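Throughout, read-outs are computed from the coordinates displayed, never taken from laboratory work. Just so we're clear, the structure is a prediction, and the values are computed from it rather than from any experiment. Cβ coordinates were reconstructed from backbone atoms using ideal geometry, including for glycine residues, and neighbour counts include every protein chain displayed.
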Amino acid sequence: MAARIIDGAAVARDIRAEAAAEVAQLRAEGTVPGLAVVLVGNDPASEVYVRSKTRACHEAGMHSRLVQLPAQSTADELFGTIDGLNADPGIHGMLVQLPLPPHLNPKLFLERVSPAKDVDGFHPMNVGRAFVGDPNGFVPATPEGIMELLRRERIDTHGKHAVIVGRSLIVSKPLASLLMAPGPNATVTLCHRHTADLAQHTRMADILVVAVGKPGLITGDMVKPGAAVFDVGVTRVDDPAAPKGYLIRGDVDFDAVSQVASAITPVPGGVGPMTIAMLLRNTITAARRAHDRTHRRTPAVAR
Ligand code: GUN
């Protein structure tokens with residue numbers, strides 16, 4: 001039987017509508033949530049991403065600022081930009097778009113972003129908070145988007161076996177923490193490029209998440225019948241017959257796996273749209289926290 005196709009674009013639209021309502025509430029209280037996106041250089045894929053992020057902010061009634069720096073910018077110039085945004089009260093969330101040009105070590109700059117404005121959830125403080133289950137930090141948008149799809153699509157995780165292929169800090173590691181936490185209560189296996197006999201693991205998955213960027217890695221015979229499959233891969237594959245000369249392909253062989261799985265996210269239109277929706281939500285959370293800190297009536301010493 002063919003799998004149910006999880007319409008991430010539709011779920012993301014719902015979340016963005018909810019976000020717009022929260023923005024309207026914050027605006028009524030005197031705070032306009034603001035997101036700054038720092039882009040260094042002219043990577044075409046990054047330019048597309050940041051345009052989508054700033055457009056989504058405007059659609060939700062938020063303020064957004066795109067700071068574009070030349071590819072040859074120095075580390076000090078980028079530090080200066082981040083410091084300026086950290087100090088700007090009109091900016092509640094900030095992200096430094098990755099990848100950076102090769103002469104700039106991303107770790108240094110992700111650590112420079114104030115943890116209170118780190119809506120990407122990449123600062124070690126927020127990585128640690130996510131790991132210990134502290135809700136006062138920020139969780140990266142893609143794993144949070146997958147958790148939201150699981151909730152809204154009513155896919156049961158309790159006692160289920162979730163297998164994640166990939167070990168990135170952006171997707172797989174935080175997702176493993178979220179899935180195994182009290183509440184979702186999944187049993188998690190994390191696989192990566194050195195895993196022996198990958199198919200042996202993926203075939204045991206009730207929930208299979210693939211985030212490695214290898215088009216078509218997961219074939220039909222690697223999936224347990226009835227599994228829910230989440231494809232995070234986004235790779236441009238040349239195709240002269242396609243209108244743009246390329247197609248976007250996921251890590252999962254969609255045609256074959258959709259005959260085996262019970263539910264599956266398409267690429268594009270599955271996990272991808274959720275990431276921007278969750279970024280908006282993180283930015284609104286940052287703005288709400290800043291607003292409440294500013295307007296708190298109880299003096300700090302009395303608490
Ligand atoms: N590049 C690709 N995805 C992301 C993301 O989620 N955040 C940042 N900062 N850069 C990216």
Can you tell me how much longer the chain between Gln25 and Val48 gets when fully stretched, taken as 0.36 nm per residue apart minus their C-alpha distance, in nm with one decimal?
-> 5.3 nm
Pop a pseudo-label 7 angstrom from the Cα along the beta-carbon direction at both Ala9 and Ala75 and give the gap in nm to one decimal.
-> 4.3 nm
Residue farthest toward the positive end of the dipole of region 59-193, with Cβ of Lys/Arg at +1 and Asp/Glu at -1: which of Val188, His123, Val171?
-> Val188
Which one of Leu85, Leu149, Leu104 has the biggest mean-square fluctuation once the chain is modelled by GNM with Cα springs under 10 Å?
-> Leu104
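If eta is 1.567 mPa s and T is 4 °C, what Stokes-Einstein diffusion coefficient results for region 120-161, Kirkwood Rh from Cα pairs, in µm²/s?
Values: Rh = 11.3 Å.
Value of D from the Cα-based Kirkwood radius: 115 µm²/s.
Given the C-alpha atoms of region 1-41, compute the convex hull and give its volume per residue in Å³.
Values: hull volume 3.6 nm³, N = 41.
Value for region 1-41: 88 Å³ per residue.
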Size of electric dipole in the chain: Cβ of Lys, Arg +1 and of Asp, Glu -1, about Cα centre, debye, nearest 20 = 660 debye
Among His103, Val37, Ser73 - extreme Cα towards positive end, dipole of the chain, charges at beta-carbon = Val37
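Considering only DSSP states other than H, G, I, E and B, which GluC sites (Glu not before Pro) in region 1-104 qualify as loop sites with at most 12 other Cβ atoms within 10 Å? Intermediate values should be presented prior to the final figure.
Numbers: sites: Glu18, Glu22, Glu29, Glu47, Glu59, Glu77; in loops: Glu29.
Counting only loop positions with at most 12 other Cβ atoms within 10 Å, the GluC sites (Glu not before Pro) in region 1-104 are Glu29.
How large is the dipole of region 1-111 about the Cα centre if only Lys and Arg carry +1 and Asp and Glu carry -1, each at its Cβ, rounded to the nearest 20 debye?
On the way: 9 positive and 13 negative charges, 70 e Å.
So the magnitude is around 340 debye.
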For the chain, with a Gaussian network of springs between Cα atoms less than 10 Å apart, report the residue from His291, His194, His161 with the top mean-square fluctuation.
-> His194
If you line up the long axis of helix 141-152 against the longest principal axis of the chain, both from Cα atoms, how many degrees apart are they, to the nearest 10?
-> 60 degrees
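By its C-alpha gyration tensor, with a ≥ b ≥ c as the square roots of the eigenvalues, how is region 103-244 shaped: rounded for a/c under 1.5, else prolate for a/b larger than b/c, else oblate? Don't skip to the answer; put the middle values down first.
Numbers: a/c = 1.86, a/b = 1.20, b/c = 1.55.
Judged from the Cα gyration tensor, region 103-244 comes out oblate (a/c at least 1.5, b/c at or above a/b).
Is the chain best put as rounded, prolate or oblate by its Cα gyration tensor, with a ≥ b ≥ c the root eigenvalues, rounded for a/c under 1.5, and otherwise prolate when a/b is larger than b/c, oblate when not?
prolate
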By DSSP, what percent of the beta bridges with both residues in the chain are antiparallel, rounded to the nearest 5?
-> 10 percent
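Ranking Asp253, Asp14, Asp118, Asp7 by Cβ neighbours within 10 Å, fewest first, what do you get? Before the final figure, lay out the partial values.
Numbers: Asp253 19, Asp14 12, Asp118 27, Asp7 16.
Going from sparsest to densest Cβ surroundings: Asp14, Asp7, Asp253, Asp118.
List the trypsin sites (Lys or Arg not before Pro) within region 195-259 that fall in a DSSP loop (any state other than H, G, I, E or B) and whose Cβ has at most 13 other Cβ atoms within 10 Å. Working shown, then result.
Values: sites: Arg203, Arg236, Lys244, Arg249; in loops: Arg203, Lys244.
Taking region 195-259 and a limit of 13 other Cβ atoms within 10 Å, the loop trypsin sites (Lys or Arg not before Pro) found are Lys244.
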